[in-house]
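Structure first, then comments.
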Amino acid sequence: MIGYVQIHRQIMDWEWYQCPKVSRLWFHLILKVNFKDKKWQGKLIKRGQVITSNEKLANDLSLTIQVIRTALQKLKDSGCIKITTTNKYTLITVVNYHHFQSSEASNNNQNNIQKTNKQQTNNTKSTTTKEGKKENNLNKVKINERRNIFKNKVFALTTFNYKVLNDFFKYWSELNANKTMMRCEAERFFEIEKRLEKWNKTEKFSKGLVSISNEDDNR
């Protein structure tokens, strides 16, 4: 099995992050599910799905079947996965798998790896020049003024709740080491509303995963 998976840092806020058994199973499923649709014994197994069994998962992770059952139930109750069971197999679907994996990025990754080494020197020179010009232009307007402008634009989007807006602003307004540029200004493209929509979906997903940690600690 080749390739990689993308995990957002906000996973650290997930309720099961500090529960070794549940989080281990979760990461294992993220790694095992199909990245693209595939046929299995005449059945279409879609992207984000995997055919498995409690026995197979227990063997893969060196855990007991009862531990696997309990962990799967918690993931299911948290809205992380859906489970379809037959007399022959268990089909597990990772909910909102596209939030974790960008098909475009991963499909292009293998081809890009070989090209990257050849292009790295030229690209680095070009990028350095462009970024230098961008930073010089930005420095014409004081960083505090730009930060306030960015803040006003973010908080003008009142369809999002205050916490989402505040967390988004704090993250994307973080300054570089020289205190000359915000994180958002280092991005080549940055549409605030689109970024907020994605941020909000990720936060909702994280909250959906954070509800039963105390119950697991008591086990």
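Looking at K46, K21, K56, which one is closer than 19 Å to K76 by Cα, open to solvent by 80 Å² or more (accessible area, probe 1.4 Å) and free of Cβ contacts under 8 Å to residues at least 12 places away in the same chain?
Values: K46 fails: free of Cβ contacts under 8 Å to residues at least 12 places away in the same chain; K21 fails: free of Cβ contacts under 8 Å to residues at least 12 places away in the same chain.
Of the residues listed, the single one that is closer than 19 Å to K76 by Cα, open to solvent by 80 Å² or more (accessible area, probe 1.4 Å) and free of Cβ contacts under 8 Å to residues at least 12 places away in the same chain is K56.
Based on what the data block shows, is L91 within 19 Å of the chain's Cα centre (by Cα), modelled with pLDDT of 90 or more and surrounded by 17 or more Cβ atoms within 10 Å (Cβ to Cβ)?
For L91, the condition - within 19 Å of the chain's Cα centre (by Cα), modelled with pLDDT of 90 or more and surrounded by 17 or more Cβ atoms within 10 Å (Cβ to Cβ) - is not met.
Which condition breaks for T84 when tested against (1) among the polar types (S, T, N, Q); (2) assigned to a helix (DSSP H, G or I); (3) touching a strand residue (DSSP E or B) at 6+ places or on another chain (Cβ under 9 Å)?
(2)
Could you grab me the full set of residues in the range 9-18 that are open to solvent by 100 Å² or more (accessible area, probe 1.4 Å) and either of a type in the set (S, T, Y) or not in a helix (DSSP H, G or I) (or both)?
Q18
Filter the range 29-43 down to residues that are part of a helix (DSSP H, G or I) and either open to solvent by less than 30 Å² (accessible area, probe 1.4 Å) or polar (S, T, N, Q) (or both), then give me how many there are.
Counting residues in the range 29-43 that are part of a helix (DSSP H, G or I) and either open to solvent by less than 30 Å² (accessible area, probe 1.4 Å) or polar (S, T, N, Q) (or both) gives 2.
Every residue in the range 140-170 that is in contact (Cβ under 8 Å) with a residue 24 or more places away in the chain and open to solvent by less than 80 Å² (accessible area, probe 1.4 Å), please.
If the condition is that a residue be in contact (Cβ under 8 Å) with a residue 24 or more places away in the chain and open to solvent by less than 80 Å² (accessible area, probe 1.4 Å), then I143, R146, F150, V154, L157, F160, V164, L165, D167, F168 are the ones that fit.
The values are calculated or read from the model by the stated rules, or taken from the named source; none is laboratory data. Bear in mind the structure is a predicted one, so any value in this text is a computation, not a measurement. In this analysis, Cβ positions are derived from the backbone assuming ideal geometry, glycine residues included, and neighbour counts consider all displayed protein chains. Note: areas computed on protein heavy atoms with side chains; ligands, DNA, RNA excluded. Shrake-Rupley method; radii C 1.70, N 1.55, O 1.52, S 1.80 Å.
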